Amino acid sequence: MNLAVVGGGPAGLMAAEAAAGAGARVTLFEAMPTPGRKLLRAGVGGLNLTRDASAEACLALCSHPERLRPFLAAFGPAEVRAWADGLGADTFVGSSGKVFPRAMKAAPLLRAWLARLADLGVEIRARRRWAGWHGDALAFDGPEGPETFAADATVLALGGPSWPRLGGNGDWAAALGGVALAPWRPANCGFDVAWSETFRARFAGTPVPTATFRFGDRALRGNATVTAHGVEGGAVYALAAALRDAIAAEGSAVLTLDLAPDRTETDIARALARPRGARSFATHLRRAGFEGVRAALAREAVPGFDALAPAAQARALKALPLRLAAPRPLAEAISAAGGVAWSAVDERLMLRARPGVFVAGEMLDWEAPTGGYLITACLATGRAAGFAAARQPSGQLAPASEVH
């Protein structure tokens, strides 16, 4: 079987590995000069591959868990870790349950992965941007002009429109023709806050010390960073889907911060009620344990904070209301929600309108937070699509035991 994989991100590379391992002759097409650009970017600061958790625990934080369940059941966190260890990554579990390669960076794992693909006979053709079909053949804009490629089956893993400088911009939507698409929305993104000019000039780029972030019925302890536009960071990304949807429905959303998660409101009120004497209020706050960006956030987010009674100040510091005006643009988001609707694919991820063409990764309409969930589901859907495409026309999901 002559099989094409279009897209060289994690989902596409895994589709190529799965299909080649199943006996297909695989050619992978990538728009950028080299594959794996988003994977390398994800590895800045440490490549979080997956979680030390069950597939069900991961699914609880993904949208459309009922559709993703069979793919993560076949290739969930444990299988991702075994796969990475098989590439020589020698993974370990961090204190937060995140799984990393010992080298931390993505480059060694990507090199080993590409070497495995070469050993499996996968041919990689770079600088080819997919342009749809020319008759029954795939069409590409190549380095020397238009090209075509005839394939018995195809896996499309072209990603979403986030981080377009790394190769994905969502321009494939028009080429799919009448396939149902859900609108794109930023995911794992920062948000706009109407900072005062004084606060913005002084604190843009400043990390917020560990706090508890609350929205709706979710509360999590983590970190964030003040930006010139608003706020971003791991704790914000984890709540981003709910915040984004609330803003779309209500016009804004209030993210609540507990700036002192290890202290009680009573303890803080007692410290603030101590006689201030001739000290400035900033010094008084600092002696109570609040300085820098934490003190500035309280004075920025709560009008008249300095004049409040100590008990009211303590309540504000334990439940600081941060009003978010809008999510940051798609081009700045780590990932995107939207894409090919689940109604447009069958249980094997094959397009109902285009038999023999499968879809994987962020092209599909689902989202998951960073922290290993996003990469795990991309790898799982890529693997499922690759196996199914290689086993046309009666493709089925491969069991978890078939891990290299």
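Derivation of every value follows stated rules applied to the coordinates shown; laboratory data play no part. Not measured: the values here are computed from a predicted model. Glycine also receives a Cβ, built like all others from the backbone with ideal geometry; neighbour counts cover every protein chain displayed.
Here are a few things to note about the model shown:
- Helix-derived mean residue ellipticity, 222 nm - over the chain, DSSP H n ≥ 4, -39500 (n - 2.57), to 500: -9500 deg cm²/dmol
- If only the Cβ of Lys and Arg carry +1 and only the Cβ of Asp and Glu carry -1, the dipole of the chain around its Cα centre is close to 1440 debye.
- Annotation: extensible slack from Asp90 through Arg270 equals 59.8 nm (criterion: 0.36 nm per residue apart, minus Cα-Cα distance).
- This ranking places Val5, Val208, Val44 by how few other beta-carbon atoms lie within 10 Å of each, fewest first, which gives Val44, Val208, Val5.
- Estimated dipole of the range 191-327 in Debye, rounded to 20 [Cβ of Lys and Arg +1, of Asp and Glu -1, Cα centre]: 600 debye
- Once the C-beta distance of Ala78 and Ala311 is scaled by a Förster radius of 60 Å, the resulting FRET efficiency is 0.75 to the nearest 0.05.
- Burial ranking of peptide ranges 271-278, 341-348, 296-303, 7-14 (average Cβ count within 10 Å, highest at the top): 7-14, 296-303, 341-348, 271-278
- For the chain, the Kirkwood radius over C-alpha pairs fed into Stokes-Einstein at 20 °C and 1.002 mPa s yields D = 94 µm² per second.
- Length released on extending from Ala242 to Arg125, taking residue separation times 0.36 nm less the Cα-Cα span: 38.2 nm
- Under 5 Å, built H, 5+ apart or other chain: amide partners of His134: Ala139
- Note on Ala325 and Ala112: their simple-model spin labels are 4.7 nm apart, each label 7 Å out from Cα toward Cβ.
- Between helix 373-390 and the chain: long-axis angle, C-alpha atoms, 0 to 90°, nearest 10: 10 degrees
- Straight-line cross-link partners of Lys105 among the aspartates and glutamates, defined as a Cα under 13 Å from its Cα and at least 8 positions apart when in the same chain: Asp90.
- Mean Cβ count within 10 Å, highest first, over the residues of peptides 142-154, 181-193: 181-193, 142-154
- Gaussian network model of the chain, Cα within-10 Å springs - most flexible of Thr198, Thr381, Thr256: Thr198
- Peptides 18-30, 368-380, ordered by how many other C-beta atoms sit within 10 Å of their residues on average, highest first, read 368-380, 18-30.
- Folded to 0 to 90 degrees: helix 107-119 orientation relative to the chain principal axis, Cα: 10 degrees
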